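S.K.: A single structure is presented below for examination.
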Amino acid sequence: MAERRVKLKIRRQNGPGQASYWQDFDIPYEAQMNVISCLQRIAEIGRTARGEKVAPVAWECSCLEEVCGACTMIINGRVRQSCTALVDRLTKEEGEVIRLEPMTKFPVVRDLIVDRSRMFADLTKVKAWNPVDGYYDLGHPAPVSPEEQEIGYPLSRCMTCGCCLEACPQVSEPSGFIGPAAINQVALHNTHPTSKAIASQRLEVLMGPGGLSSCGNAQNCVKVCPKEIPLTESIARTGRAITTYACRKFFDR
Amino acid sequence: MAKQRVVVVGGGLAGLAATMKLAEFGIPVELLSLVPVKRSHSVCAQGGINAVNHVTRALGDSEYKHFDDTVYGGAFLQHQPPVKEMCDWGERICDLMDRIGVMFNRTPEGHRDLRRFGGTLHKRTAFAGATTGQQLLYALDEQVRRWTAEGTVTLYEPWEFLGPVIDDRGYCRGVVAQDLHSMEMRAFRADAVVLATGGCGAVFGKSTNSILCTGAAGTRAFKAGARYANPEFIQVHPTAIPGADKDRLMSESARGEGGRVWVPRKPGDTRNPRDIPASERWYFLEERYPQYGNLVPRDIATREIFDVCVNLGLSVVQGAYCVYLDVTELPPTSLKKLGGIIEIYEKFQGVDPRVEPMRIFPSVHYTMGGLWCDYHKNDRTGGLTQASPRNHMTNIRGLFAIGEADYQYHGANRLGANSLLSCIFSGLLVAPGIDTWLHNLPAGSAADLPASLFDTAAAEHKTQENRLRNSRGPENPYTLHRELGQTMTASCTVVRYNRTIEQTLAKIDELNHRYQHLELSDDSQWTNQSLSFARALGDMLVLAQVIARSALLRDESRGSHFKPDCLIPPPKSDDPDEIHTEARRWCEAFRRQNDQWLKTTIATYRPGGTTLSYEAVDTSLIPPRPRTYGLVGAEVIEQMWRTMQQEQDKPSARAHDAK
């Protein structure tokens, strides 16, 4: 019986701004393979399906268990984490050849690696941190109710992977839309008993250009979020908060 | 004098805690990380963070008991003052993390909820679902972002640490590092350098660690003269799920919430576990350790799994160490608290643990050993002197090591949920000491030093890189790494025999030789991952040899270092007088073992080969005692030990017995 093989088609690019090109790979199958182990095998073998010697495909990964957000890429046309993309399921449900591409909403660095620094810059823009008094021992903190924790914990699992920005039709150069992830962080911090001290500053940012009003309600974000964060709820709640805040501000003049 | 600055290498819990505290002091920090800091390996920690709290105190717990649990769990190999200080700070650290916004699970009144964890009888562990490391890390990441926005901290991601810069007086004055995208190499001047670079699971091939946990950074400091301590102490976590690319951790919190470990009583029972009735299941940890049950410390759990699978042939997967971890009987509230890990099992195994018991295997998980570092004992409290630069300084002046990269807190075996504590504690502890260091620096600021020191250091690393780029031969770094992992896993994990370790040392020699004939398949000058990997492989080979040689030389069993050939034979006679004599002999052998081996292994790098030596351990606060954890059948040892302690305190009593 022929040894089972795994076929991949990968869109490569040698550097920023350079032309992209496809390469085919054909590697031996192993039990419980995921896309990460395919890329590891490709690095070890160092040849395309036609036997041509090539540099290993460059890609980002770290935890391999879907908590770090590093390994986002487009697999068979869908944005997802590559560590949880199991070969058995992909070949059974989506076809014999596995297609890998880098995300399109971020500049390519090399092959499957893209530059997601704008997401971290966005977290700075919306001041997604608790403005505590400092790190000296200030005694027991204010209690947080179980209800507040049950709302906050799912939102706190955002690993800045970029799936939601990739899937969102409103995220583009012209629109400058900040995207679901940063809005979700505002929702998280604005419900925390002490972090909400600067809630209005965060809302002001989201009322500016590229802010929350650019959300078109496509709801692609919730479909692709690997942590199933209720992003549209975060966006809706924050939208309501902006409306209330804007009215209050208007009447406070 | 120009402004002094600090370089922190590594943005996990320890590195970020140090950075935010240094920033609070107004000290500029340059933080280097292989990945955006919130992707650091700390993000993988699942179960929780330990601290004595109001609930446990009401039940008779104390910081002293946490301290005792930790050194007992570590088989007394830790210096005790740093551990005492850490336990004393536990609650304040959890309060701080709570205050900065970590989404801990809550009680109805809004306090942090608690769970039980391994190696203790108290519920000390605060948690955020089953992803606690992630929430802690993200909260620290947010604080550091605040300081970055304000200008005190500058992030360098993805940059790789290549080595320290050391001046002719032996002071560390900075680092050489490389931008992993542009491959630009440069020196960073600094008046103190903190290495918070984690553990070395990648040396073993597959582990629960992230890909970037190679131990290369610590090894580079080691090669530059920093001593390495207790390298042979590698924790093998009892419950993980193996995959093609890594072993995925199934947190101890599954057991903390009531999950039970079992095997079918009948060897080779091929029935679906759901069809095996309770009477035909052997809950071996519960039976052997009635007090601690499924929450015995990890080294003990792993060894019991080994014994059950290998010696008794009861593994549920042929040829592997595999047992069941069963959460099917847990109430929905407990299962909810385990959401994150249940998700991992479902995503990777395609099986719902709520319905069918999980199959778990031991896996390399944590590095107790690490760079040697100092501490400043406070003779009045028995803990540490705060704000002393001796805390966490390596033997290289101005170079500090914290977090999993140091060796300070866990001895021969780490208790679950103590690492999140030790990482944050060491980061917060080192910062005020560095502040003191900077104020008293004898040689001014690194910014004022001549450029030649830094240019020379950077040029040396460039030369080494070119040597690697120009290397020719048939060898492939990925293949060599795979072979390294296989040999290290075979001889230096759960069970160690000198003859197999010697085979591994021979294999490492062979791999070192083949490493000289590497050829990189990527000659790009841009984002060259195989270059970085091949360079780290060289460091992993050095570290692997240090680990294996230290394991070879330590002829005893202690904590995670288990040599069946070096076990003290347990008392087993049926005759009550005979068993007392056997127990006394056991205790005397235990004392002799401690006299010979209760010492820190110290590795010092020499180009021709590492030298190993041993250093005494400060056990002045809690004297070592046999580590039985209430094992059924071991009561006679505990009784005999108490008797012998009393005899020591009253020599006349022994003389009376002998008559």
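S.K.: Got a number for residues in segment B:377-406 being surrounded by fewer than 24 Cβ atoms within 10 Å (Cβ to Cβ), of a type in the set (Gly, Ala, Ser) and under 21 Å from B:Val193 (Cβ atoms)?
M.R.: 2
S.K.: So which of B:Thr107, B:Thr70, B:Thr125, B:Thr132 is out of contact with any strand residue (DSSP E or B) (no Cβ under 8 Å at 6 or more places or on another chain), farther than 30 Å from B:Thr456 by Cβ and surrounded by 24 or more Cβ atoms within 10 Å (Cβ to Cβ)?
M.R.: Answer to the selection: B:Thr70.
S.K.: Out of B:Gln291, B:Gln349, which single residue is within 14 Å of chain A (Cβ to nearest Cβ), polar (S, T, N, Q) and touching a residue at least 12 places away in the same chain (Cβ under 8 Å)?
M.R.: Selected residue: B:Gln349, the only one of B:Gln291, B:Gln349 that is within 14 Å of chain A (Cβ to nearest Cβ), polar (S, T, N, Q) and touching a residue at least 12 places away in the same chain (Cβ under 8 Å).
S.K.: When you scan segment A:220-234, do you find a residue that is over 27 Å from A:Cys83 (Cα atoms) and surrounded by 17 or more Cβ atoms within 10 Å (Cβ to Cβ), even just one?
M.R.: No, that holds for no residue.
S.K.: Kindly establish whether B:Gln386 is touching a Ser or Thr at 6+ places or on another chain (Cβ under 8 Å) and in a loop (DSSP other than H, G, I, E, B).
M.R.: Considered against the rule, which asks whether it is touching a Ser or Thr at 6+ places or on another chain (Cβ under 8 Å) and in a loop (DSSP other than H, G, I, E, B), B:Gln386 comes out as no.
S.K.: Enumerate the pairs (first residue in segment B:108-132 and within 14 Å of chain A (Cβ to nearest Cβ) and closer than 21 Å to A:Gly139 by Cα; second residue anywhere and in a loop (DSSP other than H, G, I, E, B) and among the β-branched types (Val, Ile, Thr)) with beta-carbon separation below 7 Å, excluding pairs fewer than 6 apart on the same chain, so at least 6 apart or on different chains.
M.R.: Sorted first by the residue in segment B:108-132, then by its partner, the pairs are B:Gly110/A:Val144; B:Asp113/B:Thr107; B:Ala128/B:Val102.
S.K.: Which one of these is under 30 Å from A:Pro154 (Cα atoms) and of a type in the set (A, V, I, L, M): B:Ala58, B:Ala128, B:Ala75?
M.R.: That would be B:Ala128, the only listed residue that is under 30 Å from A:Pro154 (Cα atoms) and of a type in the set (A, V, I, L, M).
S.K.: Sticking with this structure for a sec: Residue pairs, Cβ under 9 Å, 6 or more apart or interchain, first in segment B:222-245 and more than 14 Å from every other protein chain (Cβ to nearest Cβ) and at positive phi, second in a helix (DSSP H, G or I) and modelled with pLDDT of 95 or more. List them.
M.R.: Pairs found: B:Asn230/B:Ser550.
S.K.: Considering only segment B:244-272, state which residues are under 20 Å from B:Phe306 (Cβ atoms), over 25 Å from the mean Cα position of the chain (by Cα) and not small (Gly, Ala, Ser).
M.R.: B:Trp262, B:Val263, B:Pro264, B:Arg265, B:Lys266, B:Pro267, B:Asp269, listed by residue number.
S.K.: Report, by residue number, each residue of segment B:128-169 that is of a type in the set (Asp, Glu), more than 14 Å from B:Gly10 (Cβ to Cβ) and modelled with pLDDT of 95 or more.
M.R.: Listed by number, the residues that qualify are B:Glu142, B:Glu150.
S.K.: Among the residues in segment B:617-628, are any in a strand (DSSP E or B) and under 23 Å from B:Lys377 (Cα atoms)?
M.R.: no
S.K.: Any chance you could count how many residues in segment A:26-48 are under 18 Å from B:Phe533 (Cβ atoms) and within 7 Å of chain B (Cβ to nearest Cβ)?
M.R.: Residues flagged as under 18 Å from B:Phe533 (Cβ atoms) and within 7 Å of chain B (Cβ to nearest Cβ) within segment A:26-48 amount to 6.
S.K.: Assess whether B:Ala75 counts as being at pLDDT below 95, among the aliphatic types (A, V, I, L, M), farther than 30 Å from B:Leu438 by Cα and assigned by TED's automatic domain parsing to the domain that holds B:Ala177.
M.R.: no
S.K.: Would you check if there is a residue in segment B:251-267 being farther than 30 Å from A:Val35 by Cα, away from every other protein chain (no Cβ under 14 Å), among the polar types (S, T, N, Q) and not in a loop (DSSP other than H, G, I, E, B)?
M.R.: Looking for residues that are farther than 30 Å from A:Val35 by Cα, away from every other protein chain (no Cβ under 14 Å), among the polar types (S, T, N, Q) and not in a loop (DSSP other than H, G, I, E, B), one finds none in segment B:251-267, hence no.
S.K.: Using the structure shown, decide if B:Leu520 is in a helix (DSSP H, G or I), within 25 Å of B:Gln178 (Cβ to Cβ) and within 14 Å of chain A (Cβ to nearest Cβ).
M.R.: When the stated conditions are applied, B:Leu520 does not pass them.
For every residue, the table says whether it meets (1) within 14 Å of chain A (Cβ to nearest Cβ); (2) touching a residue at least 60 places away in the same chain (Cβ under 8 Å).
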| position | (1), (2) |
| --- | --- |
| B:Ala457 | no, yes |
| B:Asn470 | no, no |
| B:Pro474 | yes, no |
| B:Tyr497 | no, yes |
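S.K.: Taking the conditions exactly as written (crowded, with 19+ Cβ neighbours inside 10 Å, farther than 30 Å from B:Gly110 by Cα and touching a residue at least 24 places away in the same chain (Cβ under 8 Å)), does A:Arg116 satisfy them or not?
M.R.: yes
S.K.: Of the residues that make up segment B:137-153, is at least one part of a loop (DSSP other than H, G, I, E, B) and without any contact (Cβ under 8 Å) to a residue 60 or more places away in the chain?
M.R.: Yes, some residue in segment B:137-153 is part of a loop (DSSP other than H, G, I, E, B) and without any contact (Cβ under 8 Å) to a residue 60 or more places away in the chain.
The values are calculated or read from the model by the stated rules, or taken from the named source; none is laboratory data. Note that the structure is a prediction, hence the values are computed from the model and not measured. With ideal geometry, Cβ positions are generated from the backbone for all residues, glycine too; neighbour counts draw on all protein chains shown.
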